Amino acid sequence: MKRIVTLAAVMALVAPSLALAKGGNHPMAGCGLGYVLFGNNDNSPIMQVLAATTNGTSGNQTFGMTTGTSGCTDDGAVKFVKEAEVYAEVNLDSLRSEMAAGQGEFVTSFAALLGARGEQIPQMVSAFQTNYAQIFPTSGTTSAEMLANLSSVLSAKA
């Protein structure tokens, strides 16, 4: 019972961060007025250039970082999710096979990157294996799809 409660607590912490990954709404231009006007719904290069230019010419990005407005966060939520996205993309094949097996260096590191600590890591790795069919529904599942599916799985468990 204690194990289930611990796993639920970890998933409750991780799921909201992964929810950000669903929409791919992690701007290359960062936060600021440009994020608000151009870059928060469209990660295309053109929109991100407009957002970065707006941020650079208006000097508002530092204000957003200082005040926590304009899409800037002091908790690093966007950075946290971006790290998970990059790790998943680079190591997708290893994650796919290790999640199916329920063990391995890549999947253990991924669980830690998602915020699991100590005994929570093997519990999360076990949850990856238990929910493998939902996380990787097809052999062609991309890293972005995997993260969105993982978010759904973890949200349902939280």
### Query
Among (1) farther than 20 Å from residue 82 by Cα; (2) under 14 Å from the mean Cα position of the chain (by Cα), where does residue 138 come up short?
(2)
## Note on the structure
With criteria (1) part of a helix (DSSP H, G or I); (2) free of Cβ contacts under 8 Å to residues at least 60 places away in the same chain; (3) surrounded by fewer than 19 Cβ atoms within 10 Å (Cβ to Cβ); (4) touching a helix residue (DSSP H, G or I) at 6+ places or on another chain (Cβ under 8 Å), residue 97 comes up short on (4)
### Message
Is it the case, given these coordinates, that residue 112 is at pLDDT below 90, at negative phi and either in contact with a helix residue (DSSP H, G or I) (Cβ under 7 Å, 6 or more places away or on another chain) or not in a helix (DSSP H, G or I) (or both)?
### Response
yes
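The values are calculated or read from the model by the stated rules, or taken from the named source; none is laboratory data. Quick caveat: nothing in here was measured; it's all calculated off a predicted structure. So basically every Cβ, Gly included, is an ideal-geometry build from the backbone, and we count neighbours across all protein chains shown.
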